[in-house]
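Step one of this worksheet: look at the structure below.
The values are calculated or read from the model by the stated rules, or taken from the named source; none is laboratory data. None of the values given here were measured: they were computed from a predicted structure. So basically every Cβ, Gly included, is an ideal-geometry build from the backbone, and we count neighbours across all protein chains shown. Note: accessible area is taken over every heavy atom of the protein model, side chains too, but ligands, DNA and RNA are not part of it. Shrake-Rupley method; radii C 1.70, N 1.55, O 1.52, S 1.80 Å.
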Amino acid sequence: MSLTPQILLLTHGGWGKQLHESVRMVVGETDGVFDIALMPVDTLDEFYTKVKQQVSTMPAGSVILTDFIGGTTSNVAARLSADYPIGVISGLNATLLLAAIDLREQGALTDSIDELVDLGQKSCIDVVKHIKSITSNQ
């Protein structure tokens with residue numbers, strides 16, 4: 001029997017922890033969701049070691065969600081994905097995290113990477129334009 005995939009949030013300054021707490025307000029307890037903050041005092045080696053320790057305990061099919069591409073968080077996650085059976089998505093937002101939490105009940109999150117990326121991208125919308133399109137159709 002395979003283990004439920006886990007989700008690791010990697011963010012600069014620790015806003016992943018705050019996002020995780022906000023998502024808990026919506027869905028309740030979120031077992032298997034972890035966050036590691038890259039703080040200004042952390043060296044690259046220290047951060048890499050912290051992340052590697054967490055990733056080494058994560059079941060195959062788990063995913064790392066990072067704040068943005070090209071930064072230390074994404075670079076470390078990408079490096080570790082070469083050695084561990086995990087997926088990495090950059091562009092963390094609440095919709096992406098909620099979708100990952102929901103989809104992991106269906107199995108490996110690595111099988112849902114394209115769907116998660118699509119959901120995350122589509123969650124960025126012009127709210128005023130969206131509301132106007134809804135109200136003009138009534």
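Summary of values
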{"read-out": "Simple spin-label estimate for His12 and Asn75 in nanometres, 7 Å along Cα-Cβ", "value": "1.2"}
{"read-out": "Solvent-accessible area per residue for the stretch 11-89 (1.4 angstrom probe, square angstrom)", "value": "51"}
{"read-out": "Extension gain from Glu105 to Lys129, taking 0.36 nm per residue of separation minus the Cα-Cα distance", "value": "5.3 nm"}
{"read-out": "Pairwise centroid distance, computed over Cα atoms, of the stretch 46-62 with the stretch 2-20, Å", "value": "11"}
{"read-out": "Kirkwood Rh (inverse of mean 1/r, distinct Cα pairs), the stretch 1-121, angstrom", "value": "14.1"}
{"read-out": "All aspartates and glutamates inside 18 Å of Lys129 as judged from Cα atoms, apart from same-chain residues fewer than 8 positions distant", "value": "none"}
{"read-out": "Helix-derived mean residue ellipticity, 222 nm - over the chain, DSSP H n ≥ 4, -39500 (n - 2.57), to 500", "value": "-14000 deg cm²/dmol"}
{"read-out": "The stretch 19-138 - percent of accessible surface contributed by carbon and sulfur, probe 1.4 Å", "value": "55"}
{"read-out": "Partner lysines for Lys132 [C-alpha distance under 20 Å; skip if fewer than 8 residues away on the same chain]", "value": "Lys122"}
{"read-out": "In the stretch 1-101, the GluC sites (Glu not before Pro) that fall in loop regions by DSSP, at most 11 other Cβ within 10 Å", "value": "Glu29"}
